[in-house]
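The structure under discussion appears below in the form of structure tokens.
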Amino acid sequence: MRVIVKATLIAALLAFPVVATAPGAAATSTVQAIRQTLDVSISSISPEVPTSPTDVIKFTGTVRNNTGAPQSALRVRLRYTPQKFTDRATMAAYQDDQNNATLPYNVSASSGMDIPALAAGAQARWEFTATPVQLNYRSFGVYPIAVDVAQYGVPLTSQRTYLTYAPPTPPNTPKLPRNKLAVALPVIDQPHRATDGSLFVDDELSESISGKGRLADLARVAQTAPKSVSWFVEPSLLDDLTAMKSNYQVKTKDGVEQKPASAEAGTWLTTMRTALAASPVFAVPYADPDVTALAHQGLDAQPGRALALGRQKATSLLGREVRTNVNWPPAGRLDADALDLLSVSEDRVDTVLLDSGNLPPQPPVPFTPDAAARLDSVNGPVTALVADPGLSALFEPETSTSVLLSTRRLIAETAMIAAEPGQTSPRSLLVAPSRRWNPNPTLVTALLRTAGKLPWLQLTPLESIRPTKLAVPRAGLTYTEQDRKDELSKKYLAPVKEVAAKAELTSSITSAKTPSSFDAAVLRLTSSAWRNHTRAGRAATKLVSAAVTERIEKITFSDGPRTLAGSSGAVPISVKNSLTVPITLYIDVKSNDQELLRVDDSELKTKPLVIGGGQSGTVQVTMNAVPGTSGDATVTVQLETADHKPYGKPQRLTIRTTGYTGIASVIVGAALTVMLAAVVTRVLRRRSERKLARAAKTRESESV
């Protein structure tokens with residue numbers, strides 16, 4: 001009786017997919033509900049790559065009952081087909097398809113395991129074996145396999161993956177090429193300070209470098225990665241962490257919060273210096289500027305400055321030579337304008353690392369193209385290294401996946417590339433996850449370890465990849481309208497451009513012509529990190545603008561009115577330098593009313609005013625009051641740089657004139673003449689009186 005019931009139930013379940021009646025539809029719904037909540041996973045497949053027809057392949061995994069009710073009559077089975085994949089596209093389609101109807105059609109009779117009754121929430125371990133000969137594998141290739149859970153023969157849920165079979169190469173058959181695989185890993189963040197002081201705009205770095213933080217995970221990857229892996233480090237990140245090694249402040253809504261020195265920042269920096277000591281390391285430009293946006297909005301000088309400062313900072317903070325000749329642009333995309341700016345900079349960029357959509361093959365090819373290509377710039381050829389999107393995605397999966405499935409996919413993808421028709425010579429491949437990725441250290445370490453063991457791959461440093469005869473024709477830099485929209489906008493960069501111009505003035509007036517102390521601050525404002533965080537970028541722009549204005553205002557004119565004695569003369573104008581360095585500037589003086597006062601500024605344009613740090617300087621300005629006028633007049637005084645650009649705001653000064661009018665001059669002259677005549681007459685009269693007195697005295701003496 002029990003056998004009859006069981007057989008009837010099996011028949012009913014097998015009929016679920018094709019029965020169109022209401023009871024059948026309800027049964028199908030039940031099976032689908034079980035499929036959604038009964039989970040099967042593969043834990044291991046060993047060996048990773050069988051090489052002999054008789055190799056015993058061991059499969060292990062688990063089944064978990066999340067249906068909420070006990071389940072029985074379950075069996076875990078291996079499904080396979082003896083037909084290998086023909087290309088990478090069909091591999092991807094197979095992995096993305098979750099329809100049971102497209103599972104490998106063969107169900108192994110010997111490779112499976114019955115699962116005892118499984119209580120709700122319980123988990124059971126399964127294990128079985130197979131050999132390539134049992135699976136009818138006959139040649140090198142990648143084959144689809146799946147492990148499913150069936151109940152009474154009906155598949156409920158499954159896990160798909162790949163099995164790569166690599167038997168010895170038959171005689172008189174070309175060996176598989178051993179392709180080069182370069183891996184580029186980014187250590188890029190966003191700026192966390194506006195200026196170079198100890199004030200941070202947020203405290204996100206303290207979380208990122210500790211525990212399970214993103215930068216802490218990057219340090220774990222660096223400690224285990226092969227020395228052939230190439231690293232791209234963002235220098236302003238190192239700069240910010242160095243600042244955190246001392247007491248620092250964090251800007252908050254209510255003001256500023258004091259923070260103690262961060263021990264984690266010092267530990268992270270030490271870990272990275274040690275881990276990357278023997279690895280190829282490149283620096284992205286300081287603060288990772290949005291180079292294409294800068295090229296399009298007239299900020300052409302900034303990329304070159306970012307390259308130079310990035311090299312200097314990274315070399316200093318990592319304690320080793322770090323170059324910037326290899327550039328990884330934001331999103332891996334640039335256009336001809338940006339390429340030209342990078343190629344003509346003093347720290348010339350000769351290699352760029354690009355996204356595959358930025359430099360696609362033209363025409364499209366049915367195989368995996370070599371990673372290296374050549375571009376033309378205004379300063380000569382530039383090597384382009386194009387990342388493989390499929391391989392790169394394995395290092396940064398969009399959805400959660402197991403380490404095993406990712407390593408199986410890496411083995412399969414690279415084996416398929418090696419076996420692509422017509423490819424007999426080694427090619428170059430490049431892995432590059434997104435530049436601000438959040439890595440899984442366990443996954444990345446496993447992928448790198450697996451890649452290093454595969455006989456058809458050779459891990460190699462990035463700079464060993466160069467264009468060869470295997471390079472395919474490419475369409476040139478493809479920069480779409482959407483790429484333009486993703487850039488920092490003209491509206492965002494307009495105030496940044498103003499701040500940059502003002503900051504440049506603070507450097508141009510120093511006698512030593514030292515680089516602007518605001519170079520790093522301005523570059524932080526141009527960071528590509530603000531593409532999706534423009535509000536934070538604008539807030540930082542205001543902080544930098546205020547700091548630049550404060551610096552400019554440290555050079556001031558002395559207050560109070562000046563007096564012009566008479567109708568013409570020299571009026572002193574004093575300038576105070578509150579900076580600690582000597583400055584050299586010029587003074588431009590313009591009369592605001594030519595009918596009252598005229599200024600002779602011919603000497604001012606040729607004689608610079610040099611003022612020491614903390615000192616004042618004075619120039620004598622020749623002024624002439626217009627005849628017939630008197631009283632107060634005003635002049636506008638403007639400080640200028642050596643190339644006569646205005647420095648700071650102009651200031652209006654009052655000039656008091658004491659000259660006389662023309663009529664008053666005549667009157668005064670006449671009065672002086674009369675006075676002089678009176679004085680002469682009085683002198684003559686007194687002389688005459690004295691003579692008469694002497695004569696009278698003489699006559700009196702004679703008469704006596």
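Hull surface divided by four, with the convex hull built on the Cα atoms of segment 401-448: how many nm²? Mind dumping the intermediate values first?
Working: hull surface 16.6 nm².
So the Cα hull casts an average projection of 4.1 nm².
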Pairwise FRET efficiency - Gln223 versus Val403, Cβ, R0 = 22 Å, nearest 0.05: 0.80
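Any idea what the relative contact order of segment 460-590 is, in percent, if you count C-alpha pairs under 8 Å spaced at least 6 apart? Walk me through the numbers on the way to the answer.
On the way: 83 pairs, mean separation 31.4, N = 131.
Rounded, it is 24 percent for segment 460-590.
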Give me the number: length gained by fully extending Ser198 to Arg178, i.e. 0.36 nm times residue separation minus the C-alpha to C-alpha distance, one decimal in nm. 2.1 nm
FRET efficiency for Thr618 and Thr478 from the Cβ-Cβ distance with R0 = 60 Å, rounded to 0.05, comes out at 0.45
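Scale the Cα Rg of the chain by the rule-of-thumb value 2.2 N^0.38 Å and send over the ratio, two decimals. Kindly include the intermediate steps, with their values, before the conclusion.
Details: Rg = 42.2 Å, N = 704, 2.2 N^0.38 = 26.6 Å.
Output field value: 1.59.
Can you check what the net charge comes to around Val626, using other residues whose Cβ is under 15 Å from the Cβ of Val626 (Lys, Arg +1; Asp, Glu -1)?
On the way: positive: Arg598, Arg656; negative: Asp593, Glu595, Asp600, Asp632.
That sum, taken over residues with Cβ under 15 Å, equals -2.
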For Asp114 and Glu321, what does the FRET efficiency come to when R0 = 60 Å and r is the distance between their Cβ atoms, rounded to the nearest 0.05? 0.45
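Could you give the length gained on full extension between Asp643 and Ala263, defined as 0.36 nm per residue of separation minus the Cα-Cα distance, in nm? Could you put the intermediate results ahead of the total?
On the way: separation 380, 0.36 × 380 = 136.80 nm, distance 4.72 nm.
Extra length from Asp643 to Ala263 when fully extended: 132.1 nm.
From the gyration tensor of the Cα coordinates in segment 553-611, what semi-axes in whole Å does the equivalent ellipsoid have, largest first, with each one equal to sqrt(5λ)?
Values: eigenvalues 120, 38, 20 Å².
The answer is 24, 14, 10 Å, longest axis first.
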Counting only GluC sites (Glu not before Pro) that are in a DSSP loop and have at most 15 other C-beta atoms within 10 Å, tell me the longest site-free stretch of the chain. 1-320
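If contacts are Cα pairs under 8 angstrom and at least 6 residues apart, what is the relative contact order of the chain in percent? List each step's numbers first, then the result.
Numbers: 1353 pairs, mean separation 75.5, N = 704.
It comes to 11 percent, rounded to a whole number.
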For the chain, the percent of accessible surface on carbon and sulfur atoms (probe 1.4 angstrom, ligands and nucleic acids excluded) is 55
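Using a 1.4 angstrom probe, figure out how much accessible area the chain has per residue, in square angstrom, rounded to the nearest whole. Could you put the intermediate results ahead of the total?
Numbers: 33700 Å² over 704 residues.
Result: 48 Å² per residue.
Give me the extension gain from Thr51 to Ala512: residue separation times 0.36 nm, minus the current Cα-Cα distance, reported in nm with one decimal. Don't skip to the answer; put the middle values down first.
Values: separation 461, 0.36 × 461 = 165.96 nm, distance 7.01 nm.
Going from the current span to full extension adds 158.9 nm.
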Inter-label distance for Asp350 and Ser434, nm, one decimal - labels placed 7 Å from Cα along Cα-to-Cβ: 3.3
Projected label distance in nm at Ala93 and Lys605, using a 7 Å step from Cα toward the beta-carbon: 7.7
Quick one: go through segment 383-422 and flag any residue whose amide nitrogen is under 15 Å from the point 7 Å out along the Cα-to-Cβ line of Thr86. 420-422
Each label sits 7 Å from Cα toward the beta-carbon; between Ala73 and Arg125 the label points are separated, in nm, by 2.9
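The values are calculated or read from the model by the stated rules, or taken from the named source; none is laboratory data. For clarity, every value in this text was computed on a predicted model and none was experimentally measured. All Cβ positions, even for glycine, are placed from backbone atoms using ideal geometry, and neighbour counts span all protein chains on display. To get the accessible areas, we keep the full protein, side chains included, count just its heavy atoms, and leave off ligands, DNA and RNA. Shrake-Rupley method; radii C 1.70, N 1.55, O 1.52, S 1.80 Å.
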